[in-house]
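J.: Have a look at this one before I ask anything.
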Amino acid sequence: MPPVPFRSPPSCPATPRRRVLSLASLAAAGAALPGAVLAAVQAAGARIVGVRLWPAKDYTRLTLESDAPLQARHFLTIDGPTRLVIDLQGQQAGAALRALVEQLRPDDPYIAAVRIGQYERDVVRLVLDLKQPVRPQQFALEPVAAYRHRLVFDLRPEREVDPLLSLLQDHERSARAAGQAVDDALGDLLGRLDAPGGGPRQATVAPPAAPQVAPQVAPQAGPAAAPAADTPRPPRRTDPALQQRADRLVVVALDPGHGGEDPGAIGPTGLREKDVVLQIGLRLRERLNSVPGLRAMLTRDGDYFVPLHERVRKAQRVQADLFVSIHADAFMTPQARGASVFALSERGASSAAARWIAAKENASDAVGGLDLAGSAIKDAQVLRALLDMSTAAQIKDSLRVGREVLANLGRIGNLHKREVEQAGFAVLKAPDIPSILVETAFISNPQEEARLRDEDYQQHLVEALHGGIRRWLARNPPLARRRTV
């Protein structure tokens, strides 16, 4: 019998398989394929490698990271409980996605529950039960730094909170709590004096005076600093007492750098810049809030990302008298050490190091995740207009406060430079607010990383910053202004 020639089984032909692999390879290489074909190939080949939830008072962010761009759509339910539904094309409900359920925190302001299921053969459906109405925003991010492709969903409240009103209400609560503490202590004292064996009362104890609201620095008369035309004004209120308290308050905006998807610089043993500067910011807020008539606002009070333009906008919305951005940067070599203070420059950086550091900080939006294709681009365009409006007066005031802070930092540790440096930091470009950026230390230096980790050294930094801010306020009282509340 003649030999039978070998043929491939008809159920597994070789040619079509090679063709599919070729398309996937072309898509990965960025070859020009028709849009529909490219999307299909990318969706079919996308593998989710990580999911992350970043809950915060301002908004909650859901990030899906994958080795190729994901295809998804979302919609809100309009009947029954409010839910956000997300359909992921070309996916299976695997362990990476299911880890999302474990990340949900009970204190998330926006998400009450998460459910994941295989809606269709190649479609995974995520259902987010919501605690309040939201404006969902979906956008994709290209690979950058340590991240691969990211699909981001931001859940923002339908009605934005008035930050100045919140600041005033918080100030009033603190004042009432302090007054109540004094009353309680006085009651205990009187009770002990009236008790048997407590001894005769030698004098009548006067009731405590009402907490002082006016700052220790008397404001000088002068024109009010007008907020930028693009800055949204909170709705006007007619409570004269509230208006008076707002006008007499001195507000300092504290800006802990990075956060959320953007860890900032990372030290030799893994200490992350975003964590240490938040700790310092929280301590400094508490220290400043202990001063009558002075109130500190944080641009972020948790581990979440805030775009650079939004940090500036937050300071403008509370009509801040000073803006202090807090960082702990890294350099190309571990030998770099010492604290630095920066002000804005409109004419280029004052040194090569200042230029390099400014470029790194200004790249934060790319790492943290900013929707450049959506509504945020309008704010970015507004920001660029604000940059051109930055005045010499703002820079002059910033250099003054920078010198006060730098002098105090020099008393507790090394200085990288003994003068305030200048560079084009995007976060310092509010034209109506004196603004400085403080590099507390180089986290890339092993010795300075160890100091930044130490709580006692953090408190020394807080006292140095607090002292510099108070000294500048004493020498340069804010102009009288009428805040819009």
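The values are calculated or read from the model by the stated rules, or taken from the named source; none is laboratory data. Just so it is clear, the model here is predicted, and its values are computed rather than measured. Positions of Cβ are generated from backbone atoms using ideal geometry, with glycine treated the same way; all protein chains shown enter the neighbour counts. For accessibility, only protein heavy atoms count, side chains too; no ligands or nucleic acids. Shrake-Rupley method; radii C 1.70, N 1.55, O 1.52, S 1.80 Å.
J.: Net charge near W472, counting Lys/Arg +1 and Asp/Glu -1 over other residues with Cβ under 14 Å of its Cβ?
T.: Counting the neighbours of W472, the net charge comes to +3.
J.: Here is a follow-up. Provide the solvent-accessible area of K314, counting protein heavy atoms only and rolling a 1.4 Å probe, rounded to the nearest 10 Å².
T.: The accessible area comes out at roughly 30 Å².
J.: Additional query: For R125 and D67 in the same chain, what is the full-extension length gain: residue separation times 0.36 nm, less their Cα-Cα distance, in nm?
T.: Length difference between fully extended and current span is 18.9 nm.
J.: With label points built 7 Å along Cα→Cβ from the Cα atoms of Q103 and E463, find their separation and express it in nm.
T.: 4.0 nm
J.: Residue separation times 0.36 nm, minus the C-alpha to C-alpha distance between A363 and T269: what's the value?
T.: Fully extending the segment from A363 to T269 adds 31.5 nm.
J.: Output the peptides 134-145, 360-371, 412-423 sorted from most to least packed, where packing is the average of other Cβ atoms within 10 Å over each peptide's residues.
T.: Ranking, from highest mean packing down: 360-371, 412-423, 134-145.
J.: Quick one: which residues, 5 or more positions from A339 or on another chain, have an amide H under 5 Å from its amide H? H modelled 1.01 Å from N in the peptide plane, none for Pro or chain starts.
T.: Residues meeting the amide H criterion: N414, L415, H416.
J.: What residues qualify as long-range amide H neighbours of F305, i.e. H under 5 Å apart, gap of 5 or more or another chain, H built at 1.01 Å from N?
T.: G260, E261
J.: Rounded, prolate or oblate: which one fits the range 46-97, using the alpha carbon gyration tensor with axes a ≥ b ≥ c (rounded when a/c is under 1.5, else prolate when a/b beats b/c, else oblate)?
T.: Judged from the Cα gyration tensor, the range 46-97 comes out oblate (a/c at least 1.5, b/c at or above a/b).
J.: Next question, about the same structure. Could you give me the ³J(HN,Hα) list for the range 114-119, computed from phi with Karplus coefficients 6.51, -1.76, 1.60 and θ = phi - 60°, whole Hz, x at Gly and Pro?
T.: So the J values, rounded to whole Hz, are 10, 10, 10, x, 8, 5.
J.: Here's something else I'd like to know. For the range 413-470, give the percent of accessible area contributed by carbon and sulfur heavy atoms, probe 1.4 Å, rounded to a whole number.
T.: Carbon with sulfur: 44 percent of the solvent-accessible area.
J.: Once phi is turned into ³J(HN,Hα) by the Karplus curve 6.51 cos²θ - 1.76 cosθ + 1.60 with θ = phi - 60°, what whole-Hz value does each residue of the range 65-75 show in order, with x for glycine and proline?
T.: 9, 9, 7, 8, x, 8, 10, 8, 9, 9, 7
J.: Here's a follow-up. Can you compute 3J(HN,Hα) from phi for each residue in the range 328-337, using the Karplus curve 6.51 cos²θ - 1.76 cosθ + 1.60 with θ = phi - 60°, rounded to whole Hz and x for Gly and Pro?
T.: So the J values, rounded to whole Hz, are 8, 7, 10, 10, 5, 10, x, 6, 4, 8.
J.: How would you rank 443-456, 298-311, 251-264, highest first, on the average number of other Cβ atoms within 10 Å across their residues?
T.: Packing proxy ranking, top to bottom: 251-264, 298-311, 443-456.
J.: For I412 and V85, what is the calculated FRET efficiency with R₀ set at 51 Å and r taken between the beta-carbons, to the nearest 0.05?
T.: It comes out at approximately 0.45.
J.: Let me ask something else. Just for the range 46-158, what percent of DSSP beta bridges are antiparallel, to the closest 5?
T.: 100 percent
J.: Just to verify a number: FRET efficiency for R248 and A393, C-beta to C-beta distance, R0 = 25 Å, to 0.05?
T.: My answer for the efficiency is 0.60.
J.: Round to the nearest 0.05 the FRET efficiency obtained for A95 and H74 when R0 = 22 Å and r is the Cβ-Cβ distance.
T.: Using R0 = 22 Å, I get an efficiency of 0.45.
J.: Shifting gears a bit: What do you reckon, how do M332, M297 stack up by accessible area (1.4 Å probe), largest on top?
T.: Order by accessible area, largest first: M332, M297.
J.: For the range 62-175, with only Lys/Arg (+1) and Asp/Glu (-1) charged at the beta-carbon, what is the dipole magnitude about the Cα centre, in debye rounded to 20?
T.: With only Lys, Arg, Asp and Glu charged at Cβ, the dipole is about 260 debye.
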